Structures are given as structure tokens and as C-alpha cells.
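This report refers to the structure that appears directly beneath it.
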Amino acid sequence: MAKVAREMVEISGINVDELVELLVKNAAAELTTYYYYTILRANLIGLEGEGLKEIAEAARIEDRNHFEALVPRIYELGGKLPDDMKVFHDMSACSPANLPANPTDMKAMLTVLVNAERCAVRGYTHICNLTAGKDHRTYALALAILNEEIEHESWFSEFLGEGPSGHFMRRGQNSPFVGPFMQ
Amino acid sequence: MQIFTLYELSLYDGKNGKPAYIAYQGKVYDVSKSWYWQNGMHQALHAAGQDLTLSLNQAPHGADLLQRVPLIGLLVE
């Protein structure tokens, strides 16, 4: 634990135990989403599915990166991950991104993907709001993750016909925002 | 539709197997089966058995999400 770092956050007025629980729940959401996206990506097949596979893969890898980036901050603040993987899964901040009943229905697949990203966008916006101007390190990390989650949401939203994402897909490098937290 | 006072609402806090109810703008919702309300807690910060009107107005989501859970009653003063 980073004793003084935790103390500084406490002095700022943040309930550190609540914040740590929130970080653990979001770390659980990231790792479980990585797992569920693995299944979704494997089922993105055929003419329509192949077109989505690349962005689903980018989102999958970046969600795993978010998990990796969150874990050190949890321990710095005196928290820990649950010993039991099932407990960890069940405390996720977002519900499971289950494979739709009909995996060949690309609209259903995209709806699962976009809903998962929207849950994440809400979650990290919440953490940013809680920590802004108080816990600078958690804020910077949550903001970096939020930037990537917003891009994921807009990719899937675009494919659902909700409007242009406004940017291009990743080009050879994942996690442009979170990468610096993983050095 | 069932009528709840704040005290009666507080009895449904989702702890120890009890149902989890929350109130928003005078309406009471059953969130017991929601993934987001396990053990009567939402995102580590909000507890069931309470009127969450003020909290929800500051949340990173709208009240439209309450359409996903059953409306079961009304909250009276």
C-alpha cells in the first residue's frame, strides 16, 4: 500500500474504502468483459460478422488492458482483488455481456457490445466525478479509460446506425490513452 | 399499488435476503433482481431502502433506466 498516497486521498474527503470497492467492481467488469468479448468475437462470422471482428477485438484487448491498469491503483490504495474468481465475477460493475440467443443476428450482437460499453462509460464518468480535483492519480487513470470506452461505444453505435463515430479504427496500436499507465 | 412511508421503504434494504426497493420522485421500484443492486448496494455508493431522488439526479445515467425494473408502489411523506 502507498500509505501517504492513500492518506492524501482520504484528506481530500474521499471515502477511500468506497472508492477502492468501486475500482474493484470496475476491474471485475473489465476482466469479465474481456472474457465475454472473446466468445462474441469468436462468433462474429460470415459476411456481416467479419466486418465487426476487428473492432470487437480492439475493444476486447483494451478492456483487458483496463483491468491491468486498474489493479496497481487498487493495491496502492490498500485494496485487494477477491481470492475467489467467482466472487470477482459476481461483483462486476456491469452485467455479463452474454452471447445473444441467435449469434448470427448482428444487431443483437452489436446491442450486447454497445450496452457493455455504455455501462463502462457511465462507470468511469462516475469515478471521474468522484475523484476530480481530489485523487489526481485515480482521476487520470479513470479519464484515460473513459476516453477508450467512449471510442468503443461510438464504434459499435456507428454500426448500429445511430450515427458516425467521428473517428477511425485503431491503426496498429491498442490503448492509446491507457498505454502510459501500463509502462 | 402498495403505499410506502420512508420507514417502511427502509425495511427493504436488500440485506440478508430481503427485497431491495428504492424510491424515485414518489415512485417505488423493486430492484431485487437487478445485477446492479446486488446485496442492496449500487456501485458501492448507493443503498436500497431509500429515496434516491437526489442521488439519481446526480448520477451518470438517467431515470429512464428505472423502466427496466418493476414499479411496485408509491412513496408518501
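The values are calculated or read from the model by the stated rules, or taken from the named source; none is laboratory data. All values reported here derive from a predicted model rather than from experimental measurement. Every residue, glycine as well, gets a Cβ built from its backbone with ideal geometry; the counts of neighbours run over all protein chains shown.
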Criterion (among the aliphatic types (A, V, I, L, M), touching a Leu at 6+ places or on another chain (Cβ under 9 Å) and within 23 Å of B:Trp35 (Cβ to Cβ)) met by exactly one of A:Leu160, A:Leu77, A:Leu81, A:Leu146: A:Leu160
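Among the helices (runs of 4 or more DSSP H) confined wholly to the range A:1-98, which include 2 or more residues that are buried (at least 16 other Cβ atoms within 10 Å of the Cβ)? Don't jump to the end; show me each part of the working.
Details: elements: A:3-11, A:16-42, A:46-76, A:85-90.
By residue number, A:3-11, A:16-42, A:46-76.
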Whichever residue in the range B:1-27 is modelled with pLDDT of 95 or more and among the aliphatic types (A, V, I, L, M) and, among such residues, is farthest from B:Asn39 (Cα to Cα): B:Ile3
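Please go through the range B:29-40 and give me each residue that is within 10 Å of the chain's Cα centre (by Cα) and either surrounded by fewer than 21 Cβ atoms within 10 Å (Cβ to Cβ) or without any contact (Cβ under 8 Å) to a residue 12 or more places away in the chain (or both), ordered by number.
First, pick out the residues of the range B:29-40 that are within 10 Å of the chain's Cα centre (by Cα): B:29-32, B:37, B:40.
Those that are within 10 Å of the chain's Cα centre (by Cα) and either surrounded by fewer than 21 Cβ atoms within 10 Å (Cβ to Cβ) or without any contact (Cβ under 8 Å) to a residue 12 or more places away in the chain (or both): B:Asp30, B:Ser32.
Conditions tested, residue by residue: (1) more than 23 Å from A:Cys94 (Cβ to Cβ); (2) crowded, with 16+ Cβ neighbours inside 10 Å; (3) within 14 Å of another protein chain (Cβ to nearest Cβ).
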{"residue": "B:Phe4", "(1), (2), (3)": "yes, yes, no"}
{"residue": "B:Tyr7", "(1), (2), (3)": "yes, no, no"}
{"residue": "B:Lys27", "(1), (2), (3)": "yes, yes, no"}
{"residue": "B:Leu54", "(1), (2), (3)": "yes, no, no"}
{"residue": "B:Asn57", "(1), (2), (3)": "no, no, yes"}
{"residue": "B:Pro60", "(1), (2), (3)": "no, no, yes"}
Identify, by number, the condition in (1) over 20 Å from A:Glu151 (Cα atoms); (2) among the charged types (D, E, K, R); (3) touching a Ser or Thr at 6+ places or on another chain (Cβ under 6 Å) that A:Glu62 doesn't meet. (1)
For the range A:127-146, check the following and say yes or no: at least one residue is crowded, with 17+ Cβ neighbours inside 10 Å, under 19 Å from the mean Cα position of the chain (by Cα) and part of a loop (DSSP other than H, G, I, E, B). no
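Determine which member of the set A:Glu158, A:Glu149 is closer than 26 Å to A:Arg41 by Cβ and within 14 Å of chain B (Cβ to nearest Cβ). Can you show your working first?
Details: A:Glu158 fails: within 14 Å of chain B (Cβ to nearest Cβ).
Just one listed residue meets the conditions, A:Glu149.
Suppose we filter the range A:111-135 for residues that are in contact with a Lys or Arg (Cβ under 9 Å, 6 or more places away or on another chain) and more than 9 Å from every other protein chain (Cβ to nearest Cβ); how many remain?
Step one: filter the range A:111-135 for residues in contact with a Lys or Arg (Cβ under 9 Å, 6 or more places away or on another chain), giving A:123, A:131.
Then keep just the ones that are more than 9 Å from every other protein chain (Cβ to nearest Cβ); that gives A:131.
Total satisfying the criteria: 1.
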A:Ala116 vs (1) more than 16 Å from A:Leu141 (Cβ to Cβ); (2) touching a Phe, Trp or Tyr at 6+ places or on another chain (Cβ under 6 Å): all pass except (2)
Of the candidates A:Lys86, A:Lys80, the one satisfying the condition of being more than 16 Å from A:Val121 (Cα to Cα), among the basic types (Lys, Arg) and away from every other protein chain (no Cβ under 14 Å) is A:Lys80
Scan the range A:7-57 for residues that are in contact with a helix residue (DSSP H, G or I) (Cβ under 6 Å, 6 or more places away or on another chain), closer than 14 Å to A:Val114 by Cα and within 14 Å of chain B (Cβ to nearest Cβ) and jot them down. A:Thr33
